[in-house]
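Structure first, then comments.
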Amino acid sequence: MLTLKAGVKPIGVQHSLLIAIETIHRTYLHYGYPCVITSLFEGKHSARSLHNRDGICRAADFRTFHLPATLRRVILEDFTAALRRLSPRYQAIFEPSPEHFHVEYDPAIAES
């Protein structure tokens, strides 16, 4: 199941990020866990953030606290590999505080 945390609004989401969201959702499902998007365009982000730069959402955050600690790295590696096969412009990291996966599509990165 793919859900949005209360208050998350899918506004101005770039097509490339939608592809990432679907890829991550399928990875969560593969391991038997729901996929919850905790942030898209809304909220306060750093000036460098791709969450809401120029009115376009190119980044998303995903809930991880419900995943077993031993599985977080496996899930991150699985969906990161799938995204990188699509484009080197996809980047994904685990943010420990507050805990979540941060995924973005950075058009400034050159395609190989």
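The values are calculated or read from the model by the stated rules, or taken from the named source; none is laboratory data. Predicted model, so just to flag it, every value in this text is computed and none were measured. For neighbour counting, all protein chains shown are included, and Cβ atoms are generated from backbone atoms with ideal geometry for every residue, glycine included. To get the accessible areas, we keep the full protein, side chains included, count just its heavy atoms, and leave off ligands, DNA and RNA. Shrake-Rupley method; radii C 1.70, N 1.55, O 1.52, S 1.80 Å.
At 222 nm, what value in deg cm²/dmol follows for the chain if DSSP H runs of at least 4 each add -39500 (n - 2.57) and the sum is divided by all its residues, to the nearest 500? Theoretical 222 nm ellipticity from helices: -10000 deg cm²/dmol. So if we plug the beta-carbon distance of residue 71 and residue 110 into 1/(1 + (r/R0)^6) with R0 = 41 Å, what FRET efficiency do we get, rounded to 0.05? After rounding to 0.05, the efficiency reads 0.80. Treating r as the C-beta distance of residue 86 and residue 53 and R0 as 22 Å, the FRET efficiency rounds to 0.60. Using a 1.4 Å probe on the protein chains only, how many percent of the accessible area of the chain belongs to carbon and sulfur? Roughly 57 percent of what the probe reaches on the chain is carbon or sulfur. Ligands, DNA and RNA excluded, the heavy atoms of residue 86 present near 100 Å² of accessible surface to a 1.4 Å solvent probe. The listed peptides 54-62, 29-37, ordered by packing as a protection proxy, come out as 54-62, 29-37 (highest mean of other Cβ atoms within 10 Å first).
Packing order of peptides 79-85, 105-111, highest average first: 79-85, 105-111 (average count of other Cβ atoms within 10 Å over each peptide's residues). Each part reduced to its alpha carbon centroid, the range 70-96 and the range 14-61 end up 12 Å apart. What the Cα atoms of the chain give is an Rg and a Dmax of 13.1, 38 Å. Amide hydrogen proximity for residue 56: with H placed 1.01 Å from N in the peptide plane, no residue at 5 or more positions away or on another chain lies under 5 Å.
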